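The values are calculated or read from the model by the stated rules, or taken from the named source; none is laboratory data. Owing to the predicted nature of the structure, the values given are computational and were not obtained by experimental measurement. Neighbour counts run over all protein chains shown; Cβ positions are idealised from the backbone, glycine included.
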């Protein structure tokens with residue numbers, strides 16, 4: 001709680017007012033990252049559940065299914081990382 005108190009009492013420079021466009025940058029970046037994280041977690045959960053189900057039904061194919069699942073989860077995670085980069089780009093403008 002003490003780490004939050006410092007920025008809360010900080011003063012802005014005299015004569016500067018926050019611009020509404022700057023506030024919406026933060027909202028947009030948070031929304032982009034939040035939606036991407038939610039969708040990525042949902043997709044990873046569905047992929048892992050489907051892989052576990054298929055390995056349970058056919059244990060002989062567990063190796064190829066596991067490799068395909070790991071590659072798919074890595075692709076899903078890369079999309080979340082791209083969303084993080086997009087949010088940094090939004091904040092940089």
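Can you find a residue in the stretch 15-22 that is over 25 Å from residue 90 (Cβ atoms) and either at pLDDT below 65 or outside any helix (DSSP H, G or I) (or both)?
Residues of the stretch 15-22 over 25 Å from residue 90 (Cβ atoms): 15.
Narrowing the set further to residues that are either at pLDDT below 65 or outside any helix (DSSP H, G or I) (or both) leaves 15.
Yes; the residues of the stretch 15-22 include at least one that is over 25 Å from residue 90 (Cβ atoms) and either at pLDDT below 65 or outside any helix (DSSP H, G or I) (or both).
Looking at the stretch 29-48, which of its residues are surrounded by 14 or more Cβ atoms within 10 Å (Cβ to Cβ) and within 15 Å of residue 88 (Cα to Cα)?
Matches in the stretch 29-48: 29, 32, 33, 36.
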